[in-house]
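Since the structure comes first, as structure tokens, the remarks are kept for the end.
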Amino acid sequence: MIEGYFNYWVVIILMMMGFYIVISDSNLIKKIIGLNIFQTSVFVLFISMSKVKGGTAPILTDEASVYSNPLPHVLILTAIVVGVSTTALGLALVAKIHRAYGTVDETLIHGQDDIQDET
Amino acid sequence: MLDHLPALQVIIPLISAPVCMLVTRASWAWLLATAVSIASFVMALLLAREVSVHGVLSYHLGGWVPPLGIEYRIDHLSAYVLIIVSATASITMLAARKSIEQEVSREKSGLFYSAYLLCLTGLLGIAATGDAFNIFVFLEISSLSSYALIAMGRDRRALTSAYQYLIMGTIGATFILIGVGLLYMLTGTLNILDLQQKIPGITGSRTLHAAFAFLTAGISLKLALFPLHLWLPNAYAYAPSMITVFLSATATKVSLYLLFRFFFGLFPPEVSFESFHLGRILLPLSIVAILTASFVAIFQDNIKRMLAYSSVAQIGYMTLGISLASKEGSIASMVYLLNHALIKGGLFLAMACIVFRINSVQLEDFAGLGRRMPWTMAAIVLLGLGLIGVPLTAGFISKWYVLSAAIEQGHWLGAVVVVGGSLLAILYIWKIIEQAYFRTPVKVALHTSAIREAPLAMLIPLWVLVAGNFYLGLNTSFSYNFASTAIHAIFP
């Protein structure tokens, strides 16, 4: 059971770890790290499904007749680009938040906003 | 040239975005963005005409034949959404110049307009493409650029709300990606039409259940369906005024289109509603969304936030129409989509006018505005009537359709909620009217005659939307006919 679906177990564990960090941690940078782990698990999911038993890398040669499915790899290349952009934008926002509030901790930021609302 | 319209619709804004970044003068960047928006509106109209004359347009990107190649597929539904998005874009841009000059610093305005064009690209792309993975890519193009746009608001809370939206939006998009991946795993195809034919044969599969669940959760996050709406009120309240106008009328509407495309197209309706009980998930959430969000809106002192909560409630009406799983319900929510884009876009545009003059959207600062800015306030009153759903306005038509669709299906609770939501809307719209017309300003600074009517460049687009609100309230042939043709093509 576990052996046959080893990759998928890893995907689920990574996914839950990342997701948990995103929703539980109050540090904005750690949240982005969690988001990265979460996205990476999806990349692993796609790459795992493209594997064909006994297949080799999808490059045409005379020596091989069975190839792995190249399409998910291509899709994931795009998804990685999206992930990198999200991380870059997220970190840029965190940098600006740090400049504006002097902290990257969510609870402290909300505290400052509440004080601002009352005055 | 005409053959390539489906691709040009998306590619022209995409290519203009980097060009816009290189333009150094703010007014030229604005001119380019406006020209592109209007061009995309013209293309959307041409496409709509092509579709109604020749039927569904299928464009093979790069000449690769689907299902292997990426297909752009324009049917009535896509054309309808393309028109809404590009028309909103044109109106927003025509009104935007002065407001943006005031709210965004000069050296950043080139970047600002290019982010806007990318956002437009993404939204148009979602509507045009017929490929499930392509939808994810366009969704992320539009989302990433809208995070950046929201963060450009002047209040520092714009940053935290953009960050919150980024986290929730990325989770939503990743869920959609997982769903699409699982579907590919099952069927070996990403083409929506191809998936539609293959899915009925595998409804027993547990993987399909998982894919369905991931897609529903992901789209609901992007749609801001209660209780996944937490990102929306802050994002709308603190974004630059014009970006709120644009996003409120397009971003959630395109997500609603996605809900349609996935659960009436990719998954055939009978699979979504009978095998997977989508209606049973959407109906209670819609009802709670209408009631709680309208209720919360009443207690907001920041008017942009109040209208944002009202948007959450209005999304509830649209998903209520969908959850009925009937033709009439779907048509109702399609008509609602257009009418609400018009009304809420107009209301946020009026907020932009007010921010431009008094630099505040706090309720207390509205005192006396009825006399100081008579045209803007009159527009708010008329659009507010539309939001409530008073007869003769577009809002009445859309609520009427949802109401009659609910009664037709015997959903009395839904019908009662539609009416109850309108009553709550009266309360929060009345709060604005009372403050603006029947209170005298308390703050000394606002007493001065320095507050003038908003500039004509902003008032004219605003009144175009007001006129549209009444036109679509009196003449429903465009909205209803287009929506019903679109829905009839999907429903068996």
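What follows is calculated from the coordinates using simple rules that are stated; it is not laboratory data. Just so you know, these numbers come straight off a predicted model, no measurement behind them. Here the Cβ positions follow ideal geometry from the backbone for every residue, glycine too, while neighbour counts run over all protein chains shown.
Once you've got the Cα coordinates, tell me which of B:LYS198/B:LYS222; A:LYS96/B:LYS344; A:LYS30/B:LYS98 are over 32 Å apart. With Cα atoms farther than 32 Å apart: A:LYS30/B:LYS98.
Length, then width, then depth: along the principal axes, the Cα atoms of chain B run 71, 56, 42 Å. The trypsin sites (Lys or Arg not before Pro) found in the range B:1-110 that occupy coil by DSSP, while having at most 11 further C-beta atoms within 10 Å, are B:ARG25. Rounded to the nearest 20 debye, the dipole magnitude of the range B:101-220 is 240 debye, with +1 charges on Lys and Arg beta carbons, -1 on Asp and Glu beta carbons, and the Cα centre as origin. Kindly identify the range B:78-121 as rounded, prolate or oblate by the Cα gyration tensor criterion: order the square roots of the eigenvalues as a ≥ b ≥ c, call it rounded if a/c is under 1.5, otherwise compare a/b with b/c, prolate if a/b is larger, else oblate. The shape class here is oblate. Listed values for the range B:46-52 are Karplus-derived 3J(HN,Hα) couplings in whole Hz (6.51 cos²θ - 1.76 cosθ + 1.60, θ = phi - 60°), namely 4, 4, 4, 5, 4, 5, 6, and x replaces Gly and Pro.
Helix B:157-187 and the long axis of chain B differ in direction by around 10°, with both axes built from C-alpha atoms.
Entry for chain A at q = 0.11, 0.13, 0.18 Å⁻¹: log10 I(q)/I(0) = -0.54, -0.68, -0.97, Debye formula applied to identical alpha-carbon scatterers, no solvent contribution.
Normalising the average separation of contacting C-alpha pairs (under 8 angstrom, six or more residues apart) by the number of residues puts the relative contact order of the range B:341-409 at 30 percent. May I ask for the angle, rounded to the nearest 10°, between helix A:6-24 and the longest principal axis of chain A, with both axes built from Cα atoms and the value confined to 0 to 90°? Roughly 10 degrees, rounded to the nearest 10. Note on A:83-96: average number of Cβ atoms from other chains within 10 Å of each residue's Cβ is 5. The mean sequence distance of close C-alpha pairs (under 8 Å, at least 6 residues apart), as a share of the length of chain B, puts its relative contact order at 14 percent.
Near the amide H of B:LEU190, within less than 5 Å, lie no amide hydrogens of residues on another chain or at least 5 residues away, with H placed in the peptide plane.
Between the DSSP loop rule and a limit of at most 14 other Cβ atoms within 10 Å, which trypsin sites (Lys or Arg not before Pro) in the range A:1-102 are left?
A:LYS51, A:LYS53
Taking every C-alpha pair closer than 8 Å and separated by at least 6 residues, the mean separation divided by the residue count of chain A gives a relative contact order of 23 percent. So what's the angle, to the nearest 10 degrees on a 0 to 90 scale, between helix B:278-298 and the longest Cα principal axis of chain B? Approximately 0 degrees, to the nearest 10. Report summary: the helix-based calculation at 222 nm, which adds -39500 (n - 2.57) for every DSSP H run with n ≥ 4 and divides by the residues of chain B, gives -25500 deg cm²/dmol.
Overall, the anisotropy analysis places the range B:1-115 in the prolate class: the square-rooted eigenvalues a ≥ b ≥ c of its C-alpha gyration tensor yield a/c not less than 1.5, with a/b exceeding b/c. The Stokes-Einstein estimate for the range B:284-492, based on a Kirkwood radius over Cα pairs and taken at 37 °C with 0.692 mPa s viscosity, is a diffusion coefficient of 188 µm²/s.
How big is the Rg/Rh ratio for the range B:372-492, C-alpha atoms only, Rh by Kirkwood, two decimals?
Ratio of gyration radius to Kirkwood radius for the range B:372-492: 1.10.
Inter-label distance, B:THR207 to A:LEU60: 2.8 nm, where each label sits 7 Å from its Cα along the C-beta direction. Overall form of the range B:8-60: oblate. Here a/c, set by the Cα gyration tensor axes a ≥ b ≥ c, is 1.5 or more, and a/b is not larger than b/c.
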